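Notes to accompany the following structure.
The values are calculated or read from the model by the stated rules, or taken from the named source; none is laboratory data. The structure presented is a predicted model; accordingly, all values stated were derived computationally and were not measured. Cβ: placed from backbone, ideal geometry, glycine included. Neighbour counts: every protein chain shown. For the accessible areas, the whole protein counts, side chains as well, though only heavy atoms, and no ligand, DNA or RNA atoms are used. Shrake-Rupley method; radii C 1.70, N 1.55, O 1.52, S 1.80 Å.
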Amino acid sequence: MPRTPLIAGNWKMNGLSADGAALAEAVAAGASSRAGGCEMLICPPATLLHPIAALLGEALKLGGQDCHAAASGAHTGDCSAEMLADAGCSYVIVGHSERRQHHGEDDAAVRAKAEAAHRAGLVAIVCVGETRAERDAGETLAVIARQIAGSVPPGARAADSVVAYEPVWAIGTGLTATPADAQTVHAHIRAELARSHGASVAEDMRLLYGGSMKPENAADLLAQPDIDGGLIGGASLKAPDFLAIADAAAR
Ligand code: PGA
């Protein structure tokens, strides 16, 4: 089964109601004028999910940036996967490095969140990636293997899970992994998934690259055989840039 590319925008903690709606409308209009070729998704901050859900057409999907593992309860400040689904989401990012680093989320916590996403009927985008120090120490592939083993639920399937490779040193820095380096890691992720989840799950599951993907480098990254899309931060805040990346994916 060929893998449909997924181009996902991670807005992070950016956007108030007026500019968020304008950005979502511009991306939705661009998405609907591009029939097929790739799947498009935006993940705005939680406060904007409800209003933006009302603006999206069929061609643009909505996702959350994080979820709690529990469905409800005494978890001040958190948001459950069920709440995201209720707000119109079909995806949620879990285990982003900014959550792992700044909120102390370990692989077990990330896996619990991915399982919560599945329970709520959402597709989990499970993020993995090495730090600069780990890369410099030659530990990239070992770190990724450990994160895949610990963070991707045993029951994950291609229909409910996506893995995003986001080298921490490339996020928001303007530095990008070379297409060849990124491909090496993506191939490693697919091999690890084949070992843990079986060959057909690994073959069908989409693997996204994230970390300073932009219009200038997207085509070369997306041309790699195991890169099936992008998780895009900075460039997702400008509709023309985000749409240009989608065009590169649909080629
Ligand atoms: P960036 O962020 O594109 O701004 O590097 C990617 C991400 O953190 O998802």
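Screening the range 10-53 for residues that are among the polar types (S, T, N, Q) and away from the ligand (no atom under 16 Å from the Cβ) and picking the one that is farthest from ARG99 (Cα to Cα) gives SER33. Residues in the range 157-194 that are farther than 14 Å from ILE144 by Cα and of a type in the set (D, E, K, R): ARG157, ASP160.
Just one of the listed residues (LEU231, LEU175, LEU243, LEU207) is within 16 Å of the ligand (Cβ to nearest atom), in contact (Cβ under 8 Å) with a residue 40 or more places away in the chain and more than 22 Å from ALA114 (Cβ to Cβ), namely LEU243.
Note on the range 85-108: among residues that are among the hydrophobic types (A, V, I, L, M, F, W, C) and in contact with a Ser or Thr (Cβ under 9 Å, 6 or more places away or on another chain), the one that is least open to solvent (accessible area, probe 1.4 Å) is VAL94.
Of all residues in the range 128-172, exactly one satisfies the criterion of being in contact (Cβ under 8 Å) with a residue 40 or more places away in the chain and of a type in the set (Lys, Arg), namely ARG157.
Of the residues making up the range 132-172, those that are open to solvent by 40 Å² or more (accessible area, probe 1.4 Å) and either within 15 Å of the ligand (Cβ to nearest atom) or aromatic (Phe, Trp, Tyr) (or both) are ARG132, GLY172.
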